[in-house]
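*Asks:* Input: one structure, supplied below.
The values are calculated or read from the model by the stated rules, or taken from the named source; none is laboratory data. Just so it is clear, the model here is predicted, and its values are computed rather than measured. Cβ: placed from backbone, ideal geometry, glycine included. Neighbour counts: every protein chain shown. What goes into the accessible areas is simple: the full protein's heavy atoms, side chains included, and nothing from ligands, DNA or RNA. Shrake-Rupley method; radii C 1.70, N 1.55, O 1.52, S 1.80 Å.
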Amino acid sequence: MKPTRKRLGDLLLEAGLITEDQLQSALKDKKPNQKLGDALLKKGFITEQQLIEVLELQLGIPHVSLYRYPFDTNLFNLVPKETAKRNLLIPIKKQDDKLYVAMADPIDFFAIEDLRLSTGFQIEPVLASKDDILRAISKYYDIEDGFEEMFADQSAEDNREEDITHEDSPVVRLVNQILSNAVTLRASDIHLDPQETKILVRYRIDGVLRTERVLPKRMQSVITARIKIMSNLNITEHRIPQDGRIKVNIDFRPIDIRVSTLPTVYGEKIVLRILDLSTAIIDINRLGFNKLNLQRYQSLIEKPNGIILITGPTGSGKSSTLYATLNHLNSEEVNIITIEDPVEYQIEGVNQIQVNPNVGMTFAAGLRSILRQDPNIIMVGEIRDKETAEIAVRASLTGHLVLSTLHTNDSLGSVTRLIDMGVEPFLVASSVSGIVAQRLVRRVCRDCAEEHEPTKREKEIFAKRGLTIDRIVRGRGCSSCHMTGYRGRMAIQEVLVLDDEMRRVIMDSESFTKLRSLAIRNKTIFLIDDGLLKIKKGLTTTEEVLRVALPD
């Protein structure tokens, strides 16, 4: 009698990787043709590595890690890159008349049959993670030894237009490859740094920059020209900074790229900020607020008027928080208008305006016009000057809810920053209802997390904030996280709600210390505290929290 195969959900429950509630939630929300494993991954209940280990048990198909795998590159001629990407598979070795193929879905019989017919080999599937396969495809299929030689014949002045616009030209392929690799590695930014004798291509992954490849100096002018053409910039202008935008589809996903060029002594430095529209956080419950902070934040945004400020340095996830908030508030009963520089994500049902200083459309001018459009909720991309701050304050006092960002270190610093800008203390006190300070920290990789004894210094840091710690979770380093021990990022937040006593302190221009002691009395969870609570849960490490939030 043929043994019955256990269902994936039951196996995951048996292994203790998910709870019954999580299983039911995934089954309820999954799309008709979506596999249960993919639904659980999307919700973040399990990691890809955990799924693969359970699938190996369920299907009886071995799994393989492609990190530093000794590939036979001759086999890549058998399977075209498009087929490999579309079906998420890559050939790994050949043995007699068998071709071993790593697949994300080893029971995709159509793909296996297609491969058997096109290669003439008996196909033996093995399991590999989707990320592993995409990384391997980007790395090995795109090795273009000819790049350097192709560029060697061209002098900088000799860039014919077809060299930088024709789809098959080496520079077009190289730039596409740099973009595709960045998306596969989940980079947030690409830096093209010109040096004296070379160009460095660096990717910012999980907030940390690392050099991905080094290109010869002679490629600089054509790469710069290609990126400028893609982003509609002036290709002949090298003396002033320029900003542009590229919209592309990479691996069947819409990607929005913001481009910034800056003249340096060795040529133009280019930074490309990648906005992956398919991974944008649009749910307020997925922003990483702890229970108390989430409750306080929700009560703030549900008020009919007042200013709510999101503060933090560049790259601290302020935009994600704002967009998730707008998404939460978006309904047909309210008129939401935003003014941004630039508009990053488009939200259906929200009127979004792009700042354009060249024609006089500044934050202040746009904000004045918005007030004549009968809005309920206004989002101002950033409060940069006194004029914008004053109009935002007046808008909030006339019954509008205003959301905005400010570049300050913590929530209390925002009050002094507004007063320094020239806004009267009584206006700040009566209009600001709450301030959220936010930072991003790297998340411990769930596939290689290990428990450790906390050090004496770590115990001291926790004791100083009135907390105890008996274990610290750190990542050992594995193929999923590129041996860093971290995978993905999460936010730590500080939510300050202004009460009547705080407003009185601000109006009377009393000391900053008095404001801080009132915040402590109101049980405000400061950045460092939220970080330490997330260390206790095993989500991040002490080094990460101390990198972005200083203990007092």
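*Asks:* What percentage of the solvent-accessible surface of the chain, computed with a 1.4 Å probe over protein heavy atoms, is contributed by carbon and sulfur atoms?
*Replies:* On the way: 13730 of 27410 Å².
Carbon and sulfur: 50 percent of the exposed surface of the chain.
*Asks:* Given a cut-off of 20 Å, name the pairs among Lys456/Lys536; Lys514/Lys534; Lys35/Lys537; Lys35/Lys534; Lys464/Lys537 whose C-alpha atoms lie farther apart than that in the structure shown. Present the calculation step by step, with values, prior to reporting the outcome.
*Replies:* Values: Lys456/Lys536 16 Å; Lys514/Lys534 28 Å; Lys35/Lys537 30 Å; Lys35/Lys534 31 Å; Lys464/Lys537 18 Å.
Lys514/Lys534; Lys35/Lys537; Lys35/Lys534, as the Cα separations exceed 20 Å there.
*Asks:* While we're on this one: Could you size up the charge dipole of the chain around its Cα centre, putting +1 on the beta carbon of Lys and Arg and -1 on that of Asp and Glu, and report it in debye to the nearest 20? Could you put the intermediate results ahead of the total?
*Replies:* Details: 75 positive and 78 negative charges, 288 e Å.
My answer is approximately 1380 debye.
*Asks:* Mind listing the phi-derived Karplus ³J(HN,Hα) values for segment 167-181, rounded to whole Hz, using 6.51, -1.76 and 1.60 with θ = phi - 60°, and x for any glycine or proline?
*Replies:* Values, residue by residue: 4, 9, 6, x, 5, 5, 5, 5, 5, 4, 5, 4, 5, 5, 4 Hz.
*Asks:* For segment 67-108, state which trypsin sites (Lys or Arg not before Pro) are in a DSSP loop and have at most 10 other beta carbons lying within 10 Å of their beta carbon.
*Replies:* Numbers: sites: Arg68, Lys81, Lys85, Arg86, Lys93, Lys94, Lys98; in loops: Arg68.
Sparse-neighbourhood loop trypsin sites (Lys or Arg not before Pro): Arg68.
*Asks:* Hey, can you grab everything whose amide H is under 5 Å from the amide H of Glu124? Only 5+ residues off in sequence or another chain; H modelled, so Pro and N-termini drop out.
*Replies:* HN-HN under 5 Å from Glu124: Leu99, Tyr100, Val101.
*Asks:* Return the distance in nm (one decimal) between the two label points of a simple spin-label model at Asn232 and Gln95, each offset 7 Å from Cα along Cα→Cβ.
*Replies:* Here the modelled spin labels are 5.5 nm apart.
*Asks:* List, in order, the whole-Hz ³J(HN,Hα) value for each residue of segment 53-63 obtained from phi through the Karplus relation with A = 6.51, B = -1.76, C = 1.60 and θ = phi - 60°; use x for Gly and Pro.
*Replies:* For segment 53-63, the Karplus-derived couplings read 5, 6, 5, 4, 5, 6, 8, x, 10, x, 10 Hz, x marking Gly and Pro.
*Asks:* Now for a separate question. Quick one: putting +1 on the C-beta of Lys and Arg, -1 on the C-beta of Asp and Glu, what dipole do you get for segment 431-552 around its Cα centre, in Debye to the nearest 20? Provide the component values of the computation, followed by the final result.
*Replies:* Details: 24 positive and 18 negative charges, 71 e Å.
So the magnitude is around 340 debye.
*Asks:* Ok, one more. Gap in Å between the Cα centre of segment 1-52 and the Cα centre of segment 482-552?
*Replies:* Result: 36 Å between the Cα centres.
*Asks:* Under a crude label model (7 Å from the Cα following the beta-carbon direction), how far is Leu36 from Phe110 in nanometres?
*Replies:* Computed distance between label sites Leu36 and Phe110 equals 2.3 nm.
*Asks:* How far is it, in nm, from the label point at Gln58 to the one at Ile240 when both lie 7 Å from their Cα along the line to the Cβ?
*Replies:* With each label placed 7 Å out from Cα toward Cβ, I get 5.9 nm.
*Asks:* Can you tell me the accessible area per residue over segment 377-498, all protein chains present, probe 1.4 angstrom, in square angstrom? Spell out each step's value before the answer.
*Replies:* Numbers: 4890 Å² over 122 residues.
Value returned for segment 377-498: 40 Å² of accessible area per residue.
*Asks:* Also: With a Cα-only, solvent-free Debye model of segment 364-521, what are the log10 I(q)/I(0) values at q = 0.17, 0.18 Å⁻¹?
*Replies:* -0.99, -1.05
*Asks:* Amide H neighbours of Thr540 under 5 Å, counting only residues 5+ apart in sequence or on other chains, H built in-plane at 1.01 Å?
*Replies:* Residues meeting the amide H criterion: Val444, Ile535.
*Asks:* Quote the FRET efficiency, to the nearest 0.05, computed for Asp420 versus Asp251 with a Förster distance R0 of 41 Å and r equal to the Cβ-Cβ distance.
*Replies:* Working: r = 46 Å, r/R0 = 1.13.
Efficiency, from the Cβ-Cβ distance: 0.35.
*Asks:* Working out 0.36 nm times the residue gap between Met361 and Asp385, then minus their Cα-Cα distance, what length gain in nm do you get to one decimal? Please list the in-between numbers first.
*Replies:* Working: separation 24, 0.36 × 24 = 8.64 nm, distance 1.46 nm.
Full extension from Met361 to Asp385 adds 7.2 nm.
*Asks:* Residue by residue through segment 88-102, which ³J(HN,Hα) values in whole Hz follow from phi under the Karplus form 6.51 cos²θ - 1.76 cosθ + 1.60 (θ = phi - 60°), with glycine and proline marked x?
*Replies:* With coefficients 6.51, -1.76 and 1.60, one gets 6, 8, 8, x, 10, 7, 10, 9, 6, 9, 10, 10, 7, 10, 7 Hz.
*Asks:* Using a Cα-Cα cut-off of under 30 Å, which lysines could be cross-linked to Lys228, ignoring same-chain neighbours fewer than 8 residues away?
*Replies:* Candidates past the 8-residue exclusion: Lys81, Lys85, Lys139, Lys198, Lys217, Lys247, Lys269, Lys318.
*Asks:* Still on this structure: Assuming R0 = 22 Å, what is the FRET efficiency of Glu450 and Tyr67, from their Cβ-Cβ distance, to the nearest 0.05?
*Replies:* On the way: r = 18 Å, r/R0 = 0.83.
So, using R0 = 22 Å, E works out to roughly 0.75.
*Asks:* Further question: Taking the dipole about the Cα centre of the chain, with the C-beta of Lys and Arg at +1 and of Asp and Glu at -1, give me whichever of Gly477, Pro342, Leu179 is farthest to the positive side.
*Replies:* The Cα lying farthest towards the positive end belongs to Gly477.
*Asks:* Further question on the same structure: For Asp283 and Arg86 in the same chain, what is the full-extension length gain: residue separation times 0.36 nm, less their Cα-Cα distance, in nm? It would help to have the intermediate numbers written out before the result.
*Replies:* Details: separation 197, 0.36 × 197 = 70.92 nm, distance 2.91 nm.
Result for the pair: 68.0 nm of gain on full extension.
*Asks:* Using 0.36 nm times the number of residues separating Ser509 and Arg186, minus their current alpha carbon distance, what extension gain do you get?
*Replies:* Working: separation 323, 0.36 × 323 = 116.28 nm, distance 4.60 nm.
Value of the extension gain: 111.7 nm.
*Asks:* Where the centroid of each part is defined by its Cα atoms, how far is segment 184-262 from segment 422-442 in Å?
*Replies:* Between the Cα centre of segment 184-262 and that of segment 422-442, the gap is 35 Å.
*Asks:* For Glu212, enumerate residues with amide H under 5 Å from its amide H, sequence gap 5+ or separate chain, H modeled in the peptide plane.
*Replies:* Long-range HN contacts for Glu212: Val201, Arg202, Tyr203.
*Asks:* What number comes out for the charge environment of His63, summing +1 per Lys or Arg and -1 per Asp or Glu over other residues with Cβ under 11 Å away?
*Replies:* -4
*Asks:* Where in the chain is the longest stretch that carries no GluC sites (Glu not before Pro) classed as loop by DSSP and with at most 11 other Cβ atoms within 10 Å? Write out the running numbers ahead of the final one.
*Replies:* Details: sites that count: Glu167, Glu196, Glu302, Glu332, Glu333, Glu348.
My reading of the result: 349-552 is the longest stretch.
*Asks:* Based solely on its DSSP helices, what 222 nm [θ] is calculated for the chain when runs of n ≥ 4 H residues each add -39,500 (n - 2.57) and the sum is averaged over all residues, nearest 500 deg cm²/dmol? Walk me through the numbers on the way to the answer.
*Replies:* Numbers: 22 runs with 204 residues, N = 552.
Helix-only estimate at 222 nm: -10500 deg cm²/dmol.
*Asks:* Give me the percent relative contact order of the chain, please, defined on Cα pairs under 8 angstrom at least 6 residues apart.
*Replies:* Numbers: 924 pairs, mean separation 49.3, N = 552.
Relative contact order comes out at 9 percent.
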